[in-house]
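Trainee: One structure coming up, written as structure tokens, with questions to follow.
Readers should treat all values here as calculations from the given coordinates under stated rules, not as data from a laboratory. Because the structure is predicted, anything quoted here is derived from the model rather than measured. FYI the Cβ positions are ideal-geometry reconstructions off the backbone, even for glycines, and counts take in every protein chain you see.
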Amino acid sequence: MALLWSRTHEGRRYEVRSAGRTRRLYTDGVFHSQYHPDRPVTQGVWDLLYLPVHFLDHPEGARVLVLGVGGGAVLRLLGRHARCRTILGVERDPVHIDIARRFFGVPKHQMVQDDAVRWLEHARPGQIDYLVDDLFDGSHGEPVRAVRADARWCSHLARVLAPGGVIVMNFASLDELESCAFLRSRALARRFPSAFRLTLPGYANAVGVFCRRPAATGVLRRRLRAMPELRLGRQGGLAYRIRTLR
């Protein structure tokens, strides 16, 4: 994979690498994003952050918030396949925002530079239908969550979610997901009657999906099968796995 662009800024090393039209973002050696404009999916964990939007009956009308933009692969997938009403990514790193715009084709109006924790604390309650928490930093070249998924943080996420909304959280491992307050706290669990785990072969990540109303894996599978452009489970598609958590 060729080095397309690199920069060191405030002690952090940023690299954009290419393989044909595929673009990958690495920050301090951590793999943050992958996207190809001519392929329906990334064949990576970013697809798992997009797919649950189809638990919503009308994703095209959804108000979407993505915490942690990276290169913007999730924003591109949501705009391409779900055509959501509004999509906003909150990213504290100005270099990531610049990379997402220049190399990954994310529209400037879909991103804001801010600290996600601060932004969420000042957000209006009930304004988001689909919320993606993909807040990661790096440690010794390995991705680590930037914010612990404890009761305080999960309560902040729940506060801005609209009735019937969906929260999607990326974790570096299954153990991290199982420690999430949406599963450990009875009070939070009562507010989210359906919870699921999404995984992908070849990735250690476990993605948690928490729905404010009852949902079933069969509904998601049926809606995804009705989207031939995704070609899920076929060559070039996505062999995702989904399991009910409770």
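Trainee: Figure the gain on full extension for residue 85 and residue 173 (residue separation times 0.36 nm, minus the Cα-Cα span) and round it to one decimal in nm.
Mentor: On the way: separation 88, 0.36 × 88 = 31.68 nm, distance 3.16 nm.
28.5 nm is the gain from fully extending residue 85 to residue 173.
Trainee: Taking the Cα-to-Cβ direction at residue 18 and at residue 190 and moving 7 Å from each Cα, how far apart do the two end points lie in nm?
Mentor: Between residue 18 and residue 190, the simple spin-label model gives 5.6 nm.
Trainee: Under a point-charge model restricted to the Cβ atoms of Lys and Arg (+1) and Asp and Glu (-1), what is the dipole moment magnitude of the chain relative to its Cα centre, in debye to the nearest 20?
Mentor: Values: 39 positive and 23 negative charges, 179 e Å.
Computed charge dipole of the chain: roughly 860 debye.
Trainee: Here is a follow-up. What is the dipole size for segment 1-98, taken about its Cα centre, with +1 at each Lys and Arg Cβ and -1 at each Asp and Glu Cβ, in debye to the nearest 20?
Mentor: Numbers: 14 positive and 10 negative charges, 43 e Å.
With Lys and Arg at +1 and Asp and Glu at -1, about 200 debye.
Trainee: Could you put 242, 97, 128 in order, starting from the residue whose Cβ has the fewest other Cβ atoms within 10 Å? Show your work: numbers first, answer last.
Mentor: Values: 242 18, 97 21, 128 24.
Going from least to most buried by this count: 242, 97, 128.
Trainee: Please name whichever of 5, 207, 172 sits farthest to the positive end of the charge dipole of the chain, dipole taken about the Cα centre and charges placed at Cβ: Lys and Arg +1, Asp and Glu -1.
Mentor: 207
Trainee: Rounded, prolate or oblate: which fits segment 86-206 when a ≥ b ≥ c are the square roots of the eigenvalues of the alpha-carbon gyration tensor, with rounded for a/c under 1.5 and prolate only if a/b beats b/c?
Mentor: Values: a/c = 1.79, a/b = 1.21, b/c = 1.48.
It comes out oblate by the Cα gyration axes.
Trainee: Quick one: if the Förster radius is 22 Å, what FRET efficiency do residue 137 and residue 102 give, using the C-beta to C-beta distance and rounding to 0.05?
Mentor: Working: r = 22 Å, r/R0 = 1.01.
It comes to 0.50.
Trainee: Which percent, nearest 5, of DSSP beta bridges in the chain are antiparallel?
Mentor: 70
Trainee: Oh, and also: Only counting other Cβ atoms within 10 Å, I'd like 185, 173 sorted with the fewest neighbours first.
Mentor: On the way: 185 15, 173 12.
By the 10 Å Cβ count, ascending, the order reads 173, 185.
Trainee: Compute the Cα gyration tensor for segment 161-246, then decide on rounded, prolate or oblate, letting a ≥ b ≥ c be the square roots of its eigenvalues: rounded whenever a/c is under 1.5, prolate when a/b is larger than b/c in the other cases, and oblate in all that remain.
Mentor: Working: a/c = 2.70, a/b = 1.41, b/c = 1.91.
Because a/c hits 1.5 or more and a/b fails to exceed b/c, segment 161-246 counts as oblate.
Trainee: Sorted from largest to smallest, which semi-axis lengths in Å does the alpha carbon gyration tensor of segment 98-141 give for its equivalent ellipsoid, taking the root of 5 times each eigenvalue? List each step's numbers first, then the result.
Mentor: Numbers: eigenvalues 95, 61, 21 Å².
Semi-axis lengths for segment 98-141 are 22, 17, 10 Å.
Trainee: Right, something else. If you average 1/r over every pair of different alpha-carbon atoms in the chain and take one over that average, what Kirkwood value in Å do you get? Write out the running numbers ahead of the final one.
Mentor: Numbers: mean 1/r = 0.0554 Å⁻¹.
Taking every pair of different Cα atoms in the chain, averaging 1/r and inverting gives 18.0 Å.
Trainee: Considering the options 147, 111, 183, tell which one lies farthest towards the positive end of the dipole of the chain, charges being +1 on Lys and Arg and -1 on Asp and Glu at the Cβ, about the Cα centre.
Mentor: Checking the options against the dipole of the chain, the answer is 183.
Trainee: While we're here: Suppose we flag GluC sites (Glu not before Pro) only when DSSP calls them loop and at most 15 other Cβ atoms lie within 10 Å. Which is the longest uninterrupted stretch of the chain? Let's see the in-between values first.
Mentor: Working: sites that count: 10, 229.
With a cap of 15 other Cβ atoms within 10 Å, the longest stretch comes to 11-228.
Trainee: Further question: For the pair residue 9 and residue 113, how long in nm is the line joining their label points, each one 7 Å along Cα→Cβ?
Mentor: About 0.7 nm, to one decimal.
Trainee: Order by neighbour count: 169, 111, 1, fewest other Cβ atoms within 10 Å first, most last. Don't jump to the answer; show the numbers that get you there.
Mentor: Details: 169 26, 111 22, 1 11.
Listing 169, 111, 1 from fewest to most nearby Cβ atoms yields 1, 111, 169.
Trainee: Another question, then. Return the calculated 222 nm mean residue ellipticity for the chain, to the nearest 500 deg cm²/dmol, obtained by summing -39500 (n - 2.57) across DSSP H runs with n ≥ 4 and dividing by the residue count.
Mentor: On the way: 9 runs with 59 residues, N = 246.
-6000 deg cm²/dmol, from helical runs alone.
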